[in-house]
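See structure below.
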2 protein chains.
Amino acid sequence: MNRPTEPYTARKPSRIQTRNRKRILEAALDVFSVEGYRGATLDQIAQAAGLSKPNILYYFEGKEAIHVTLLNHTMETWLEPLHRLDPAGEPLEELLRYIRRKVEMSREYPRESRLFANEILQGAPRMRPHLEDGLKPLVDEKAALIARWVEQGRLAPVEPRHLIMSIWATTQHYADFEAQIAVLMPEGDVWDDALAHVETMFRKLLAPRPD
Amino acid sequence: MNRPTEPYTARKPSRIQTRNRKRILEAALDVFSVEGYRGATLDQIAQAAGLSKPNILYYFEGKEAIHVTLLNHTMETWLEPLHRLDPAGEPLEELLRYIRRKVEMSREYPRESRLFANEILQGAPRMRPHLEDGLKPLVDEKAALIARWVEQGRLAPVEPRHLIMSIWATTQHYADFEAQIAVLMPEGDVWDDALAHVETMFRKLLAPRPD
DNA sequence: TCGTGCCTTGACCAATTGGTCAAAAGCCTG
DNA sequence: CAGGCTTTTGACCAATTGGTCAAGGCACGA
């Protein structure tokens, strides 16, 4: 039985393979993002995907392989906006655009945000290398850029890495703690207010001179 | 076999009971806070507590009972600083004191923060009632207080609930995402810088007139 | 249409897990 | 130091879980 996932099976994937792998990942995202890695079961994933458990194992080497695939894919999507931070742009506008995009992403991909949060909460056991190789260099680069902007007086003085942390914290919070938000916030467009609040917050923090 | 935990056993707990229940809760906090509810096992907890598994079950009705006990206890500690927000105080100073205390707590009780985060991430299945009864009224009350302060022009205009969210988000982030912070931050006193950063951030956001 | 190789699954397995129980071991008090 | 309680545990159990496997179903090119 040659698994389609075996490394040396370089065949291009059939239509069925493409469809089913996508189904599985979609279902697994649903399950992992709320249950965490250990909390999720292959049976849950199989049922959510509408496939039998052995069939899931036909497409992926195992539970962990599914999780890792999901994590890596998410990581790319997640970092893309930070990549876009443009050294040639106007500092405040660049950062506000980044922040706005991050809020959008929390609204649009809450499952991905929670998947990630779960992994980090548990000490990033399946992702530490990826953090070192993928995330750290990018953050170092952008932190340096922000530091330059500050030196040039085009942003209020701010510790770049902590700025980035607080942007992530405030934006992802709305996705990760949705269950809490649902209880505390009055009905209505939480997201619009959230966007306005976060934007005000960072505008005031970063404006080179107080408005 | 009369369990000491049975409701109608109103006996005051023996010295051994007090000691062992404390041990178990301490061990369980270690385990639950990194593994989440489903990820944690009674064996892990038993081993961490230095007790046998059946002995754990002698002191608590079951896995869930331990988790709930921990959650409820944590919730109190967690909310105490918000309770202290004083209507008679100077608004900006009151809020900054609250924020400082929250940073302290994330530094001092990261496990509690993660325990809580895990529960909320998973949709707060074992805590929703407690959120409604305990958390919501308090937040409503303090949000009203902040709204009053804003009306009186003693704080910059801000949506109170979102302010509270962003305080929680920024402060707890340092505990909950510690694994990520460890990778991204250069060695040194992350916490001191974090405190300074967060304080600046909210000072600028809240100061009734720009400094 | 036929067969070859891709896809699917029922049955099964070993390990883990939350929990039970009866008996043994401490421990305290009269 | 005896008797009755509290505490502790080894042995056990049923359910769940990740994973295997051989056999059957199916699609599609020749």
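The values are calculated or read from the model by the stated rules, or taken from the named source; none is laboratory data. From a predicted model like this one, the values you see are computed outputs, not experimental measurements. Note: ideal-geometry Cβ built from the backbone for every residue, glycine included; neighbour counts use all protein chains shown. When the accessible area is computed, the model is the full protein with side chains, heavy atoms only, and any ligands, DNA or RNA have been set aside. Shrake-Rupley method; radii C 1.70, N 1.55, O 1.52, S 1.80 Å.
Filtering the stretch B:15-28 down to residues that are of a type outside the set (A, V, I, L, M, F, W, C) and open to solvent by 50 Å² or more (accessible area, probe 1.4 Å), which residue is nearest to DNA strand C (Cβ to nearest atom)? Result: B:ARG15. Being open to solvent by 10 Å² or more (accessible area, probe 1.4 Å), on the phi < 0 side of the Ramachandran plot and at the interface with chain A (Cβ under 10 Å from one of its Cβ atoms) is a property that B:VAL158 has. Kindly establish whether A:ASN72 is within 16 Å of DNA strand C (Cβ to nearest atom), open to solvent by 10 Å² or more (accessible area, probe 1.4 Å) and either not acidic (Asp, Glu) or not assigned by the TED database to the domain that holds A:LYS142 (or both). Against the criterion (within 16 Å of DNA strand C (Cβ to nearest atom), open to solvent by 10 Å² or more (accessible area, probe 1.4 Å) and either not acidic (Asp, Glu) or not assigned by the TED database to the domain that holds A:LYS142 (or both)), A:ASN72 does not qualify.
Out of A:ASP140, A:ASP176, I need the residue that is at pLDDT 95 or above, surrounded by fewer than 16 Cβ atoms within 10 Å (Cβ to Cβ) and facing chain B (nearest Cβ under 10 Å). Which one? Checking each option against the conditions leaves just A:ASP140.
What number of residues in the stretch B:29-57 are more than 10 Å from DNA strand C (Cβ to nearest atom) and assigned to a helix (DSSP H, G or I)? Residues flagged as more than 10 Å from DNA strand C (Cβ to nearest atom) and assigned to a helix (DSSP H, G or I) within the stretch B:29-57 amount to 9. For the stretch B:45-57, the candidate set comprises residues that are in contact (Cβ under 8 Å) with a residue 24 or more places away in the chain and buried (at least 17 other Cβ atoms within 10 Å of the Cβ); within that set, the residue that is farthest from B:ASN118 (Cα to Cα) is B:LEU51.
Can you tell me which residue within the stretch A:65-94, out of those that are within 16 Å of DNA strand D (Cβ to nearest atom) and away from chain B (no Cβ under 14 Å), is farthest from A:GLU199 (Cα to Cα)?
A:ALA65
Scanning the stretch A:30-44 for residues that are open to solvent by less than 10 Å² (accessible area, probe 1.4 Å) and more than 8 Å from DNA strand D (Cβ to nearest atom), we see that the one that is farthest from the other protein chains (Cβ to nearest Cβ) is A:PHE32.
Suppose we filter B:SER166, B:SER106 for residues that are of a type outside the set (Phe, Trp, Tyr) and within 13 Å of the chain's Cα centre (by Cα); which single one remains?
Going through B:SER166, B:SER106 in turn, just one is of a type outside the set (Phe, Trp, Tyr) and within 13 Å of the chain's Cα centre (by Cα): B:SER106.
Remark: pairs (first residue in the stretch B:188-211, at the interface with chain A (Cβ under 10 Å from one of its Cβ atoms); second residue not in a helix (DSSP H, G or I); Cβ separation under 6 Å; 6+ apart in sequence or on different chains) = B:ASP193/A:GLU159; B:HIS197/A:GLU159; B:LEU206/B:LEU155; B:LEU206/B:ALA156; B:PRO210/A:PRO210. For first residues located in the stretch A:17-31 and among the aliphatic types (A, V, I, L, M), partners that are at pLDDT 95 or above and open to solvent by 70 Å² or more (accessible area, probe 1.4 Å) and lie 6+ apart or on another chain with Cβ distances below 9 Å form the pairs A:LEU25/A:HIS73; A:ALA27/A:GLN47.
Residue check: A:ALA65 meets all listed conditions (1) surrounded by 16 or more Cβ atoms within 10 Å (Cβ to Cβ); (2) assigned to a helix (DSSP H, G or I) but one, namely (1).
If you filter the stretch B:144-155 down to residues that are closer than 17 Å to B:HIS83 by Cβ and within 14 Å of chain A (Cβ to nearest Cβ), you find that the one that is most open to solvent (accessible area, probe 1.4 Å) is B:ALA144.
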